[in-house]
Amino acid sequence: MIIETNNICKYFQGKLILDNININIPEASIFGLLGPNGAGKTTLIRILTKIIEADSGSVLFDGKPLLMKDVYHMGYLPEERGLYKKMGLEEQLLFFAALKNIPYIQAKQAIKKWALKFDLAHLLNKPAEELSKGMQQKVQLMASLIHNPKLLILDEPFSGFDPIHAQLLQEEIKSLKAQGTSIILSSHRMETVELLCDHLALINQGRVILDGEFNQIQKAFTKNEWVLEYEGNQPQNNTVFHFEQILENNASMLLIKPFTTVSLNQILAELMHQNIAIKSIKQHQPSMNSIFIEAVAQNNHSHA
Amino acid sequence: MHKIILIAKREFLTRVRKRSFIVMTLLSPLLLLAFYGIIFYLNIKQQTPDKPYRLLVVDAENFLKQNLPQEKSILFEFKLTNQKKYEEELNSGNYDLILEVKKNPQQLPEFNLYSLDNIGFFIKEKVANTLTQQIQQNKLIENGISPELIEQINQMATHINTVQIKDNLTKANHSEMGALIGFIMAFVIYIFIFLYGVQVMRGAIEEKSSRIVEILVSSVKPTELMYGKIIGIAGVGMTQFLIWVIVCLGLMGPLSGVIGQMVQSNFESSLQNSAQIQQISQNIGMEWLFELNLPLLFSLFICYFIGGYLFYGALFAAIGAAVDNDTDTQQFMMPITMPLVFSLIYSQSIIGTNPDGFLTSFLSMLPFTSPVVMMVRIPYGVPTIELVCSLVSLCIGFMLSVWFAGKIYRVGLLSYGNKTTYKTFWKMFRQSN
């Protein structure tokens, strides 16, 4: 485990912001930290990066209590970010690297490498204010990467990126993981989370309400629902299941929802009875989006 | 410590490399010099016009006995008839001014000065002085005093040497000039605290509002960030100050010659009295400068300069960290700048009056006011115990203010969107405990 937290609590002006947070982040994995706005994600990240201290509980980094020196092995791209407007890009990157105790030569090489990768090499002497927002975003990302961190914390890394650069970033995150970097990804873009994350934790109102491997979470939320693809005649209403169209613009895909705990065989029997030309049928996998919404709604309901 | 140096270095370099820094550093002393130069020049020019004024004295009773000392700037002509066509006479361009001597049944006659233009203050004073001198002289001669004796009397001038007796030792005391030096130093401290304290505040606001601080705080402690900023900006101020000192010293040589000449010629024309000139030039000589304890004065200047800046700089930093933007700073600046402005106004009154009074002593102990007030007092001689107390209290003062500001900084830098009030400061302060 690169990070283990034990019963972290944090109060802010008398209000409990984080309530007994216990999460484990495995090494060389992508960990999704999810939750509605104001759930306490940023506060948790700030505790992990030692910007603020927890009121109680402990954090282990690589199995040992988290110390300030460990923070130098972290790269943090905060959600709210900025650059020195009047300062040259390379200069500020060197400054950030120096603050992380990276030797000048090493920092210079890392900047060169990342600038080539992000297509920024020709802009390194320009002041930040002359760059577009997307370009600035890339520089900020570079700032969290130049020291080759063991743990990379990305808070909404995709905001401000066009689809091309978002794709580039996704690939980069995957390749960093392949090289052994552990990554915490906090994002509201559920489809990306689904694509990238091996593990995730969902925080709501300061509590972890869902935690574990993505596949298992998905399995837990999987219901007796089936996706049917057919040709020709549309299925008719019947006593075994009801159905709804999945995509607005595609009538040949249906979500089959059985009325009772019927097996797939019974559904197939009914379809064949209606003489439907089946192209394919498979169990419906809930999207991260629907898991998120369902879990949060359940949690809010049980607290109301 | 390493981080603080890095941050200080960045603050220093980004500021010093700006074109505006170089321009302002070189230009502002020149502008200041030019400003005072122009005032000085105009002043002198007004007193010694290119062409002397031609003044017609219409003295029907011959009260002045057709005798007035000729001045460089005024040519007197007398007319003993009583004619009333002054405007015609002035319009003809023969005379610039007409002085009418009107008999008064009591003692002195009434004097009326006519002109087509407004009559300047200096020319009016000059005419009045000349008249007074001449009337006094005439009166003395009327009463049997010989012109030689009058000349002798006129040569007499008093000059007081102030001597301070202490511990069975007497020493010549040139405190007026010393106080002036002290005041200039106090003024420099005042300006420095203001200019650079505000820069510390602006810097904190910039980092906060551009959200850079989010990136920074994951590798530095907010307090380190604050120390670095204060030190770096102090470096900028020191550099600027050093450049000014060098520029001033460079200009001092040639300029002091020019000014000295101007002063000399000015005094000569107005006093016409060699003894007085001698006394005055002795007075403004440099000997007093060597009687001041210059090394002490300068080292204390540096102490109060740095101490005062650190004390106020930290407070300014706390404001910068607590607010979200420049416009919110106004209400918090007030209570900080008030004691500073007060100390400067107050110290002006010290020069004229008792430099050892109770309030003065008290203010020179208080870290809010001591950098300015004590600086003015030092040339008068301050008991060592008071100096030590004042420096110790300034030291404790800046440690407290840095400690306080550090607490505000830690919490304030990462909190956005709240309207900042005095209560917020208290909350931030408590939170960081």
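A short reminder: the numbers here are calculations on the coordinates, not readings from a lab. Remember, it's a predicted structure, so these values are computed and weren't measured experimentally. Cβ: placed from backbone, ideal geometry, glycine included. Neighbour counts: every protein chain shown.
Side notes on the structure shown:
- For B:V341 and B:R430, a Förster radius of 35 Å and the Cβ-Cβ distance give a FRET efficiency of 0.70, rounded to the nearest 0.05.
- Structure-based [θ]222 nm, chain A - -39500 (n - 2.57) summed over DSSP H runs of at least 4, per residue, nearest 500: -10500 deg cm²/dmol
- Phi angles across segment A:246-261 convert, under the Karplus curve 6.51 cos²θ - 1.76 cosθ + 1.60 with θ = phi - 60°, into 3J(HN,Hα) values of 7, 10, 3, 9, 9, 7, 8, 10, 10, 9, 8, 10, x, 6, 10, 6 Hz, Gly and Pro given as x.
- Taking every alpha-carbon pair within segment A:3-219, the share separated by more than 32 Å comes to 18 percent.
- For chymotrypsin sites (Phe, Trp or Tyr not before Pro), the sites in segment A:223-304 that DSSP calls loop and that have at most 10 other Cβ atoms within 10 Å are A:F259.
- Unit Cα scatterers, Debye sum, segment B:53-155: log10 I(q)/I(0) for q = 0.11, 0.19 Å⁻¹: -0.36, -1.00
- Here the calculated FRET efficiency for B:L113 and B:L180, from their Cβ-Cβ distance with R0 = 35 Å, stands at 0.45, rounded to the nearest 0.05.
- Mean per-residue shielding of peptide B:213-226 is 6, counting Cβ atoms of other chains within 10 Å of each Cβ.
- Counting, for every residue in A:81-90, the Cβ atoms of other protein chains within 10 Å of its Cβ and taking the mean gives 4.
- Between A:I17 and A:K10, A:Y11, A:F12, the built amide H atoms are under 5 Å apart, and every one of these is 5 or more places off in sequence or on another chain.
- Rough spin-label spacing in nm, given labels placed 7 Å along Cα→Cβ, for B:M399 and A:V262: 8.3 nm
- Percentage of interatomic Cα-Cα distances in the protein assembly as shown larger than 44 Å: 53 percent
- Here segment A:3-219 carries DSSP beta bridges of which approximately 55% are antiparallel, counting only pairs with both residues inside.
- Residue order for A:M272, B:M399, B:M185, fewest other beta carbons within 10 angstrom first, comes to A:M272, B:M399, B:M185.
- Under 5 Å from the amide H of A:F241 lie the amide H atoms of A:F259, each residue being 5 or more positions distant or on a separate chain, with H modelled from the backbone and absent for Pro and chain starts.
- Highest to lowest packing among A:160-167, B:35-42, scored as the average C-beta count within 10 Å: A:160-167, B:35-42
- Taking N as its residue count, the alpha carbon Rg of segment A:1-127 over 2.2 N^0.38 Å: 1.26
- Each residue of segment B:63-75 is assigned a 3J(HN,Hα), and the resulting list reads 5, 7, 6, 6, 9, 9, x, 6, 9, 4, 9, 9, 9 Hz, derived from the Karplus form 6.51 cos²θ - 1.76 cosθ + 1.60 (θ = phi - 60°), x at Gly and Pro.
- With at most 10 other Cβ atoms within 10 Å, longest stretch of chain A clear of loop GluC sites (Glu not before Pro) (DSSP): A:54-247
- Among the trypsin sites (Lys or Arg not before Pro) in segment B:89-149, those placed in a DSSP loop whose Cβ has at most 16 other Cβ atoms within 10 Å are B:K103.
- Which of B:Y422, B:Y409, B:Y380 has the fewest Cβ neighbours within 10 Å, and the rest in rising order: B:Y422, B:Y380, B:Y409
- Residues B:R377, A:R189 in ascending order of nearby Cβ atoms (within 10 Å, fewest first): A:R189, B:R377.
- If both residues of a DSSP beta bridge must be in the protein assembly as shown, then about 65% of such bridges are antiparallel.
- Mean projection area, nm², convex hull over Cα of segment A:186-238: 6.4 nm²
- Counting Cα-Cα pairs of segment A:194-273 in 5 Å increments starting at 0 gives whole-percent bin shares of 3, 12, 18, 17, 12, 12, 13, 8, 4, 1, 0.
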